[in-house]
Amino acid sequence: MGELNGKVALVTGAARGIGRATAELFVREGAAVMIADLPGSDGAATAATLRAAGGQAAFVAADVTQDADAMVAATVAHFGRLDILVNNAGIFYPADALATPFTEWQRAVDVIFYGALHCSRAAGQVMVAQGQGGRIVNVSSVNGFLGAAQSSHYNTAKGAVDQLTRCLAVEWAPHRILVNGVAPGFVETAMAVVDGVNEHETPDFQAFYVQRRRIPLARPAQPEEIAAAVLFLASDRCTYITGHTIVVDGGLSVTF
Ligand SMILES: NC(=O)c1ccc[n+]([C@@H]2O[C@H](COP(=O)([O-])OP(=O)(O)OC[C@H]3O[C@@H](n4cnc5c(N)ncnc54)[C@H](O)[C@@H]3O)[C@@H](O)[C@H]2O)c1
């Protein structure tokens, strides 16, 4: 028996990275998974790979900032219901608080915070109507509760996602919809590549975070290690945690 046998999940930003690892794990645990990602992403190929391995997976080309209702409708049309939403889609680019135009600031907030809000509302409608509870997992970040230069757009958006987790958990508890988050530290995905450079491979990163063990576990995470926490919160094994964000950062945020 898989942990998610019979469940239907929608995972945003699942063409690659943490979302893809989550979709792969969910399918392996018996879920039917709708992969939602931007047109032009690798979402169709990711879904095809999962189907080729015997899993139930489909792809909907959708932008979380404007297609939330459409991606939820596509999930229900394809798989008949919706039990789990993973709000994973995200973007990062450095932005100077003074020099960066407001529209660039707003772009991150639109995808990260409003995207999660739109998708949660669309999924919540369906889960409440189904009357059988549900699970929402928001992929946040340690940036949501820590400060960083060139990152006020991203960090504030992630902090808002953590508040959304708490508030929806309270509001939807009567519907048995559990809303939680996972806050990764550094993860080996394309997001770590800024201006063509993998930040985790720079001498500065290696000296500070690895050799001096600023990350106590002395390495970035693999996407599968984040997916494992998402699976727990999305599964029926999680019965009495709601409104919380689990930090998965190798100890990064408990030391200084
Ligand atoms: N990689 C890290 O170090 C790290 C650390 C903490 C948190 N996170 C968070 O984890 C999540 C996944 O990031 P990742 O590292 O896998 O990055 P990634 O760039 O590999 O994957 C992000 C995915 O989101 C999709 N996406 C972007 N904008 C979208 C939109 N508007 N609509 C739909 N899909 C969209 C992209 O196409 C991509 O497939 C993000 O929310 C990110 O902020 C990542």
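Residues T156, T202, T75, ordered by accessible area of protein heavy atoms at a 1.4 angstrom probe radius and largest first, appear as T156, T202, T75. Working from Cα pairs under 8 Å separated by at least six residues, relative contact order for the chain is 19 percent. Highest mean packing comes first when the peptides 66-72, 93-99 are listed by Cβ atoms within 10 Å, giving 66-72, 93-99. Between the amide H of F59 and those of I35, distances stay under 5 Å, these residues lying 5 or more places away or on another chain, with hydrogens modeled in the peptide plane. Taken about its Cα centre, segment 131-256 carries a charge dipole of about 400 debye when Lys and Arg each add +1 at the Cβ and Asp and Glu each add -1 at the Cβ. Listed by number, the DSSP H helices of the chain that run 18 Å or longer by alpha-carbon position along their axis and have mean Kyte hydropathy of at least -0.5 are 115-130, 152-172.
Averaged over all directions, how much area does the convex hull of the C-alpha atoms of segment 63-102 cover when projected, in nm²? So the Cα hull casts an average projection of 4.0 nm². The relative contact order of segment 142-256 comes to 34 percent, based on Cα pairs under 8 Å that sit 6 or more residues apart.
Rounded, prolate or oblate: which one fits segment 35-89, using the alpha carbon gyration tensor with axes a ≥ b ≥ c (rounded when a/c is under 1.5, else prolate when a/b beats b/c, else oblate)? Verdict is oblate for segment 35-89. Expressed as a whole percent, the accessible area of the chain that falls on carbon and sulfur atoms is 55 (1.4 Å probe). Stokes-Einstein diffusion of the chain at 20 °C, 1.002 mPa s viscosity, Kirkwood radius from Cα pairs, rounded to a whole number: 117 µm²/s. Note on the chain: dipole from Cβ charges, positive end direction compared against G43, I246, A53; the farthest Cα belongs to I246. Calculated FRET efficiency, Y240 to R28, Cβ-Cβ distance, R0 = 22 Å: about 0.30 to the nearest 0.05. The calculated 222 nm mean residue ellipticity attributable to helices in the chain amounts to -11500 deg cm²/dmol, summing -39500 (n - 2.57) over DSSP H runs of n ≥ 4 and dividing by all residues. The 1.4 Å probe gives accessible areas that order W172, W105, largest first, as W105, W172.
The values are calculated or read from the model by the stated rules, or taken from the named source; none is laboratory data. None of the values given here were measured: they were computed from a predicted structure. Glycine gets a Cβ as well: all are built from the backbone with ideal geometry, and neighbour counts include every protein chain shown. Remember, those area values only see protein heavy atoms, side chains included, never the ligands or the DNA or RNA. Shrake-Rupley method; radii C 1.70, N 1.55, O 1.52, S 1.80 Å.
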